[in-house]
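Presented below is the structure to which this report refers.
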Amino acid sequence: MRSPSACAGPGNDFGAVTGPKRREDLSDLEGYHSPQVDVAVRLNTNESPYPPPPEFFEAWTAEVSRADAHRYPDRAARQLRSALGEFLGVPAQRVFCANGSNEVLQTLLLTYGGPGRTALVFEPSYVLHAHIARITGTGVVTGERRPDFTLDPDSAVRMVEDQEPDVVFLTTPNNPTGMVEPRETVEAIVERIAARAKPGLLIVDEAYAEFSPWSAIDMVADGVPLVVARTYSKVWSMAAFRLGFCVAPESIVEELEMVVLPYHLSVPTQLAGTVALRFTGDMDVRVTSIMTERDRVGAALAALDGVEAFPSGANFILFRTAGGQTTWEGLLEAGVLVRNFARWPRLDDCLRVTIGRPEENDAFLAALKEVLAS
Ligand SMILES: *Cc1c(COP(=O)(O)O)cnc(C)c1O
């Protein structure tokens, strides 16, 4: 960062440089911290360990080379949305796409949150829900999970009723805990919002749904206050592209399109999302092998003395050791980077390991055994 005095160069006679002042409501905001350290084994950001197949890149670059680069992209992303709709078994009018599901969530909050409105989150969960809420001026109401990170559906429904949040976030499988929310909990919250006099919306973040036993997408219908957000970043091995989407009632998709910046989704991004859907077989193979590895790593963690591993329906596992911070440092020294939650509220001594390739998982397990023994 440049200090204010560094801006006052020669010939600058503007006087004392004060610089802009950020919004009062953002004064205690912290950025998104997930350190990117250069080590041999990086298992910290839940990406896929496998790139898309070479045929994907061939098909995508061929499409990009034929694109009208001098024209703005299709604002409605029709090709991508209809391909996605077909893949998901939903009408294209119920699909909204953006630059990563984070932009989907931001657009939802710009539309249905904002000043004077609130979003309910159940912690611990994905930090960006509360973060994006604050950035959009939305008040954050925090509900608590049980010590084992499960959500008590009755208290969740009570909060929806008592606090009357405009937006409710639920993440399933949850990040960073990995736990799959039962369908009944999602149904109970949607029903309560629908029955409430004050309108509201449940956003189910399904960034990891393909690794889990069920999805709320089939509950989305016109008139139901439910949106399901998905991403190409994890399962589709396309984190670098920044593409996400949500399935929502048609009226909500129309409103999101009004709020999001025009032409926000570039032609190469739209084409990447469409072309990727020709390779669903490859995706299924990747998902299956990652789930097999997840179960293997989970069993190995559970067998270790001094490790508490939490059940996961995603491509990562949360675990707790006696000295989480020391364990994290030891793993890093051994060349294995995992996500450090050891000093986070509610997540004392917890670390999260992304499932990688079998040899990366072996390296992680071997390093962990060594660290715990020392
Ligand atoms: C990784 C992740 C996302 C993905 O965000 P993108 O912007 O699509 O990369 C969204 N939600 C959760 C819970 C995640 O863990």
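The values are calculated or read from the model by the stated rules, or taken from the named source; none is laboratory data. This structure is a prediction, so every number in the text was calculated from the model and none was measured. Don't worry about glycine lacking a Cβ; one is built from the backbone with ideal geometry, like all the others, and counts go over all protein chains shown. Ligands, DNA and RNA are stripped out before the accessible areas are found, and what is left, the full protein with its side chains, is counted by its heavy atoms. Shrake-Rupley method; radii C 1.70, N 1.55, O 1.52, S 1.80 Å.
Where does the chain land on Rg/Rh, using Cα atoms and the Kirkwood Rh?
0.99
State the extension gain, in nm to one decimal, for the chain segment bounded by LYS198 and GLN325, taking 0.36 nm per residue of separation less the distance between their alpha-carbons.
Result: 41.3 nm gained on full extension.
What list of ³J(HN,Hα) values in whole Hz, one per residue of region 297-307 in order, does the Karplus curve 6.51 cos²θ - 1.76 cosθ + 1.60 (θ = phi - 60°) give from phi, with Gly and Pro shown as x?
Taking θ as phi minus 60°, the curve returns 5, x, 5, 5, 5, 5, 7, 7, 5, x, 10 Hz for region 297-307.
Net charge within 13 Å of LYS198 by Cβ-Cβ distance, Lys/Arg positive one each and Asp/Glu negative one each, not counting LYS198 itself?
That works out to -1.
Looking at the chain only, what percent of DSSP beta bridges run antiparallel? Nearest 5 please. If you can, show how the numbers build up before the last one.
Numbers: 18 of 38 bridges.
The antiparallel proportion sits near 45 percent.
Ignoring ligands, DNA and RNA, how do ILE135, ILE217 rank by accessible area with a 1.4 Å probe, largest first?
Descending accessible area places them as ILE135, ILE217.
What translational D, rounded to a whole number of µm²/s, comes out for region 71-278 from Stokes-Einstein when the hydrodynamic radius is the Kirkwood one over Cα pairs, at 10 °C and 1.306 mPa s?
93
Give me the distance between the Cα centres of region 108-137 and region 174-251, rounded to whole Å.
The two parts, judged by their Cα centres, are 15 Å apart.
GLU55: net charge of surrounding residues, Cβ under 13 Å, Lys/Arg +1, Asp/Glu -1, itself excluded? Working shown, then result.
Values: positive: ARG278; negative: GLU58, GLU63, ASP282.
Value of the local net charge: -2.
Please list, or write none, the lysines whose alpha carbon is within less than 29 Å of the alpha carbon of LYS234, excluding same-chain residues fewer than 8 places away.
Straight-distance partners of LYS234: LYS369.
Each residue of region 90-102 in turn: what ³J(HN,Hα) in whole Hz from Karplus with 6.51, -1.76, 1.60 and θ = phi - 60°, glycine and Pro shown as x?
After applying 6.51 cos²θ - 1.76 cosθ + 1.60, I find 10, x, 4, 5, 9, 10, 10, 10, 7, 6, x, 5, 4 Hz.
Whole number please: convex hull volume per residue, Cα atoms of region 151-256, in Å³. It would help to have the intermediate numbers written out before the result.
On the way: hull volume 11.4 nm³, N = 106.
It is 107 Å³ per residue.
Give me the extension gain from SER155 to GLU370: residue separation times 0.36 nm, minus the current Cα-Cα distance, reported in nm with one decimal.
In short, 73.2 nm is gained.
In square angstrom, what is the accessible area per residue of the chain with a 1.4 angstrom probe?
Accessible area per residue: 47 Å².
Roughly what would the spin-label model give for GLU24 and GLN79, points 7 Å off Cα along C-beta, in nm?
4.9
At a Förster distance of 41 Å, what's the computed FRET efficiency of GLU254 paired with THR280, Cβ-Cβ distance as r, to 0.05?
Details: r = 28 Å, r/R0 = 0.69.
E between GLU254 and THR280, to the nearest 0.05, is 0.90.
Report GLU55's accessible area, 1.4 Å probe, all protein chains in place, as a number in Å² to the nearest 10.
100
DSSP beta bridges in region 71-278, what fraction antiparallel, as a percent rounded to 5?
The antiparallel fraction comes to roughly 30 percent.
Which value in deg cm²/dmol, rounded to the nearest 500, describes the helix-derived mean residue ellipticity at 222 nm for the chain, given -39,500 (n - 2.57) per DSSP H run of n ≥ 4 and division by the residue count? Numbers along the way, then the final one.
Details: 12 runs with 142 residues, N = 374.
So the calculated ellipticity at 222 nm is -11500 deg cm²/dmol.
Could you look at region 71-278 and say what percent of its accessible area is carbon and sulfur, using a 1.4 Å probe and all protein chains?
51
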